[in-house]
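Notes follow the structure.
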Amino acid sequence: MVSVGTIAFLAQELMFFAGLFAMYFTSRANGMTTGDWEKQTEYLNVMFGLIITIVLVLSSVTSQMGVFAAERGDVYGLRRWFSVTIGLGVVFLGLVAFEWFEMVSHGVTPQASVYGSVFYIITGFHMAHVTAGIIAFIVVMLRVAKSKFTPAQATAAMATSYYWHFVDVIWIGVFVTLYLVQ
């Protein structure tokens, strides 16, 4: 069972990202009047963004497989699936970093425009959350390795997976907003 604290934590994270989305749409409404917004968004690679999204969605599946293993008491399955999840999370971070490199090479920087600032703020905060999730998976795996597997560790695996699913859903919103709505 996941605690009320986990739910409250995820709720405040949801409010944080809602603020970022509000910043995006407010900035977009103002940027569309000057014409700068469309110039900046033309460098986004929607297919590459879709690949990034697929990697993160797959990591959510592997995370859930780890939870299923934990619920069965399968420590090796938990480690295997969480290791794959960590790997996919690292791949996701690398792909987003590559996207940043591509955008910078086209002159889309935080200093160049409001769009650049908004793009890097939203994706940067999301990357920070993915990094925190990777660290949480590592902590769960270290706890499992140090002691006999207990129901408390299964609960920690579930809470970490819930956080990861949340980060995944937020990215889907980021992808739709940044890559499709533009």
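What the table shows:
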quantity	calculated
Gain upon complete extension [Glu38, Lys146; 0.36 nm per residue less C-alpha separation]	33.6 nm
Förster radius 41 Å - calculated FRET efficiency between Ile135 and Val181, Cβ distance, rounded to 0.05	0.85
Packing-based order for 20-29, 118-127, using average beta carbon neighbours within 10 Å, highest first	118-127, 20-29
Rounded percent of accessible protein surface that carbon and sulfur make up, the chain, 1.4 Å probe	72
Within the chain: Cβ-based charge dipole about Cα centre, in debye rounded to nearest 20 (Lys, Arg +1; Asp, Glu -1)	700
Cβ crowding within 10 Å averaged over residues, with 61-70, 108-117 ranked highest first	61-70, 108-117
Structure-derived volume of the Cα convex hull per residue in Å³ - corresponding label in (i) 99; (ii) 136; (iii) 120	(i)
Cβ-derived FRET efficiency at R0 35 Å, Ser117 paired with Phe48, nearest 0.05	0.95
For q = 0.14, 0.18, 0.23, 0.24 Å⁻¹, Debye-computed log10 I/I(0) when each Cα of region 67-146 counts as one equal scatterer	-0.58, -0.76, -1.00, -1.06
Net charge, Gly49 excluded, C-beta distance under 14 Å - Lys, Arg +1, Asp, Glu -1	-3
In order through region 154-161: 3J(HN,Hα) via Karplus (6.51 cos²θ - 1.76 cosθ + 1.60), integer Hz, x for Gly, Pro	5, 5, 5, 5, 5, 4, 5, 5
Degrees separating the helix 75-105 axis from the principal Cα axis of the chain, which is the longest one	10
Percentage relative contact order, the chain, counting C-alpha pairs under 8 Å, at least six apart	32
Nearest-10 value in Å² for the accessible area of Glu38, using the 1.4 Å probe	120
Per residue, in Å², the accessible surface of the chain once ligands and nucleic acids are set aside, probe 1.4 Å	49
Candidates Ala136, Ala156, Ala128: whichever shows maximal mean-square fluctuation once the chain is modelled as a Gaussian network with Cα springs under 10 Å	Ala128
Extension gain, Thr26 back to Val104 (0.36 nm per residue minus Cα-Cα distance, nm)	25.8 nm
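The values are calculated or read from the model by the stated rules, or taken from the named source; none is laboratory data. These numbers were taken from a predicted model, which means no experiment stands behind them. Virtual Cβ from ideal backbone geometry, glycine too; neighbours counted across all protein chains shown. Accessible surface areas use protein heavy atoms only, side chains included; no ligands, DNA or RNA. Shrake-Rupley method; radii C 1.70, N 1.55, O 1.52, S 1.80 Å.
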